[in-house]
Amino acid sequence: MESLRGILDAAARGVFPPADGRTTVVAQHSPRDAGVLCFTAHSVVFTDEDPAWVYETLAATECDALSASMNPRFLAALMARTDRTSETIDAMLVAPPLPGEPPLPLKEIEDAGHPRVAYARRRRDDVRVWAADGGVLTTGRGIAGRLEVSVEVDEAVRHRGLGRELVTAARHLVAEPLWAQIAPGNARSVRAFQAAGYLPVGSELLLSAR
C-alpha cells in the first residue's frame, strides 16, 4: 500500500502519481496533519476517515472530476467530517540540498520563547530557526515528516533580494529535499523560491486539528 511519505519522496525525485484523473486515499502520517495534495491529473487525500466516504463525496461534488478534490464543497465537507480547520490552498515546491556554506551569515536562534520558534512548533517538529540581517529562516518537519522551509523578511529591507538569498541559504543547511508551501497569490514569494531553484510540483491544502 502506498504511503504519504513515499508519494512525496517520489515527487521530490520527479516521479509523480499517474496522470489518470483518479484520487488516491492514504492514511495520515500523524494525528496532527490531514489534507489534500494535487499533482497533474491525480490527487492524494491523506486522512484517517473512511476512504469510501471520500470517494462518494468526491463523486457527488458538482464540478469537473479533475477539480473535485480542491473544490470548496468537497473541502468544506472534509473539514466538517474531520472537525479540522484550514488556512489556504498553497503551491507546493521542492528543491534538493546544495553543498557548501550558506551564501550569507546566519545565526541560529535556540530560544524556545522566540515568536518564530513558537509559531513553527505548532505546525512542525524538529524546528530550527536562523536569523540574518533583516530576515528569519525556519526549517522543520511537517507533512509526513518531510523537511519544510519558510522565511520572513523585514518590511524595511524588502525588494532587495534577501528572500531569495534566505531560501537559497536553506538548501545549504540540509541534506535532503526541502519543501515549501506558498499561497499562489503571494507572487513575490513564489518568484523568490523559483529563482532559488525550487520547482513547483503541485498544490496542497493542510487541515489542522482544532
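The values are calculated or read from the model by the stated rules, or taken from the named source; none is laboratory data. Bear in mind the structure is a predicted one, so any value in this text is a computation, not a measurement. Quick reminder, even Gly has a Cβ in these numbers, built from the backbone with ideal geometry, and neighbours come from all protein chains shown. Accessible surface is based on the protein model in full, side chains and every heavy atom, while ligands, DNA and RNA are left aside. Shrake-Rupley method; radii C 1.70, N 1.55, O 1.52, S 1.80 Å.
Quick notes on this structure:
- In region 152-210, residue least open to solvent (accessible area, probe 1.4 Å) [restricted to those that are of a type in the set (Ser, Thr, Tyr) and in contact (Cβ under 8 Å) with a residue 40 or more places away in the chain]: TYR198
- Within region 86-105, residues that are part of a loop (DSSP other than H, G, I, E, B) have Cβ atoms under 7 Å from residues that are among the aliphatic types (A, V, I, L, M) and open to solvent by 50 Å² or more (accessible area, probe 1.4 Å) in these pairs: SER86/MET79; PRO97/ALA175; PRO102/LEU173, counting only partners at least 6 apart in sequence or on another chain.
- Failed condition for VAL117, given (1) within 20 Å of VAL151 (Cβ to Cβ); (2) touching an Asp or Glu at 6+ places or on another chain (Cβ under 7 Å); (3) assigned to a strand (DSSP E or B): (3)
- Selection within region 60-73: residues that are free of Cβ contacts under 8 Å to residues at least 40 places away in the same chain and over 20 Å from the mean Cα position of the chain (by Cα). The member of this set that is surrounded by the fewest Cβ atoms within 10 Å (Cβ to Cβ) is GLU62.
- Screening ALA80 with (1) assigned to a strand (DSSP E or B); (2) at pLDDT 95 or above; (3) surrounded by fewer than 14 Cβ atoms within 10 Å (Cβ to Cβ); (4) of a type outside the set (S, T, N, Q) gives one miss only, at (1).
- When TRP53 is tested against (1) without any contact (Cβ under 8 Å) to a residue 60 or more places away in the chain; (2) among the aromatic types (Phe, Trp, Tyr); (3) surrounded by 16 or more Cβ atoms within 10 Å (Cβ to Cβ), exactly one condition is not met: (3).
- Every listed requirement among (1) out of contact with any strand residue (DSSP E or B) (no Cβ under 6 Å at 6 or more places or on another chain); (2) over 30 Å from ALA68 (Cα atoms) is met by GLY185 save one, (2).
- Within region 138-175, the residues that satisfy the criterion of being modelled with pLDDT of 90 or more, under 19 Å from PRO115 (Cα atoms) and not aliphatic (A, V, I, L, M) are THR138, THR139, GLY140, ARG141, GLY142, GLU148, SER150.
- Filter pass, GLU101 being under 27 Å from LEU207 (Cα atoms) and acidic (Asp, Glu): no
- Region 7-22: number of residues that are open to solvent by 30 Å² or more (accessible area, probe 1.4 Å) and either small (Gly, Ala, Ser) or outside any loop (DSSP other than H, G, I, E, B) (or both): 6
- Boolean, SER43 is in a strand (DSSP E or B) and either open to solvent by less than 70 Å² (accessible area, probe 1.4 Å) or touching a strand residue (DSSP E or B) at 6+ places or on another chain (Cβ under 6 Å) (or both): yes
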